[in-house]
Amino acid sequence: MIRSFIELLDEQNAILALAIHNGHEMHPELLKVCGITEADRLREEDPYTDAFTEPFPNKIVVYTSRFTVDLNRNRDKAVYLTPDDCWGLNARTTRLSDDLITELNHDYGQWYSLLTFTIQRLLAKHDFITVLDLHSYNHRRQGPNATPDAQINNPDIILGRNNMPVAYYPWVDNLCMELNNKTIMNHTLDTRIDVKFTGGNLSRWLHHTFPGKVRCVAVEFKKIFMDEWSGSLDKEFQNELSRTFHQVVCNCNKWD
């Protein structure tokens, strides 16, 4: 049930970009028991984050919704069963059958096997690789016409490093410094580390599974490139933001 796009165009490049919450697709069997509207579901997903992977030659984009299986959770929490599992949202109108939960957990394991294979292919060419775990987040929780949430806790880019070894912190510090105050179409980027989002299970799993071989930083883009309520996209702004992010990451990797 998990549909992904994998592209390795340049295995000499030591960067892999992931957009694991990009997807909106759900199997009909799950849609029948979905307890929230499609618009609410889209708002809690990370639409258009596939575009942030586009400049990178090596990428994995997931097209299946996190409301099917959340790949950034531990296996035992990856399938939302109760409102406590997903920010108080009534994700299901009825409990999923044990057989379906087992099938979804199997799909979760299959996807991580696929990720393992992809990482191993790159490590066959490199002693060390960088993985970008790309996400986006809402900052207008009070409604479409409300004043955006206080900016102090909502930087434009959040770099989550809490789930990585301390040895990698200087690289993230440098990445933050290089991204901060960049100008995108008259907008000056505010970039910070470990504010609100510090990284999920995927980055933790990668560092545990490939110690000393993989550095995974979680990246949260505030939804300044789109309207989080209507879903409309400012494609020009996102293209510039994506281009700038790619350039800075590649430069930081060269200096590393």
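The values are calculated or read from the model by the stated rules, or taken from the named source; none is laboratory data. Bear in mind the structure is a predicted one, so any value in this text is a computation, not a measurement. In this analysis, Cβ positions are derived from the backbone assuming ideal geometry, glycine residues included, and neighbour counts consider all displayed protein chains.
For the condition among the hydroxyl-bearing types (Ser, Thr, Tyr) and either modelled with pLDDT of 95 or more or more than 19 Å from the chain's Cα centre (by Cα) (or both), what is the one hit in Thr198, Thr209? Working first, answer last.
Values: Thr198 fails: either modelled with pLDDT of 95 or more or more than 19 Å from the chain's Cα centre (by Cα) (or both).
Just a single option satisfies the conditions, and that option is Thr209.
Touching a residue at least 12 places away in the same chain (Cβ under 8 Å), farther than 30 Å from Gln12 by Cβ and not hydrophobic (A, V, I, L, M, F, W, C) - does that describe any residue in the range 82-92?
Yes - at least one qualifying residue is present in the range 82-92.
Rundown of residues vs (1) over 25 Å from Arg73 (Cβ atoms); (2) of a type in the set (Phe, Trp, Tyr); (3) out of contact with any strand residue (DSSP E or B) (no Cβ under 6 Å at 6 or more places or on another chain), yes/no style:
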site: Arg215; (1), (2), (3): no, no, no
site: Phe221; (1), (2), (3): no, yes, no
site: Gln238; (1), (2), (3): yes, no, yes
site: Leu241; (1), (2), (3): yes, no, no
site: Cys250; (1), (2), (3): yes, no, yes
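Filter the range 176-200 down to residues that are farther than 18 Å from Asn251 by Cα and free of Cβ contacts under 8 Å to residues at least 24 places away in the same chain and give me whichever is surrounded by the most Cβ atoms within 10 Å (Cβ to Cβ).
The extreme case among them is Thr188.
Please go through (1) without any contact (Cβ under 8 Å) to a residue 24 or more places away in the chain; (2) closer than 22 Å to Leu114 by Cα for Tyr63 and return the number of the only condition it doesn't satisfy.
(1)
In the range 201-242, how many are surrounded by 14 or more Cβ atoms within 10 Å (Cβ to Cβ) and in a helix (DSSP H, G or I)?
Going through the range 201-242 one residue at a time, the tally reaches 13.
Suppose we filter the range 3-29 for residues that are free of Cβ contacts under 8 Å to residues at least 60 places away in the same chain and not polar (S, T, N, Q); how many remain?
Count: 10.
Considering only residues that are of a type outside the set (D, E, K, R) and closer than 13 Å to Glu29 by Cβ, look in the range 80-98 and name the one that is surrounded by the most Cβ atoms within 10 Å (Cβ to Cβ).
Filtering the range 80-98 for residues of a type outside the set (D, E, K, R) gives 80-83, 86-91, 93-94, 96-97.
Okay, now just the ones that are also closer than 13 Å to Glu29 by Cβ, so 93-94, 96-97.
Working: Thr93: 10, Thr94: 8, Leu96: 18, Ser97: 11.
Of everything passing the filter in the range 80-98, Leu96 is surrounded by the most Cβ atoms within 10 Å (Cβ to Cβ).
Confirm whether Asn180 is out of contact with any Cys (no Cβ under 7 Å at 6 or more places or on another chain), on the phi < 0 side of the Ramachandran plot, polar (S, T, N, Q) and at pLDDT below 95.
Here the answer is no, as Asn180 does not meet what is asked.
Would you say Asp107 is surrounded by 14 or more Cβ atoms within 10 Å (Cβ to Cβ), of a type in the set (D, E, K, R) and closer than 24 Å to Cys250 by Cβ? Outline the logic, then answer.
Working: surrounded by 14 or more Cβ atoms within 10 Å (Cβ to Cβ): yes; of a type in the set (D, E, K, R): yes; closer than 24 Å to Cys250 by Cβ: no.
When the stated conditions are applied, Asp107 does not pass them.
Anything in the range 139-175 that is touching a residue at least 60 places away in the same chain (Cβ under 8 Å) and farther than 17 Å from Asn251 by Cβ? List them, or say none.
His139, Arg140, Gly143, Pro144, Asn154, Pro155, Asp156, Ile158, Gly160
Which members of the range 48-79 meet the condition of being farther than 21 Å from Asp107 by Cβ and crowded, with 19+ Cβ neighbours inside 10 Å?
Those that are farther than 21 Å from Asp107 by Cβ and crowded, with 19+ Cβ neighbours inside 10 Å: Tyr48, Ala51, Phe52, Thr53, Phe56, Asn58.
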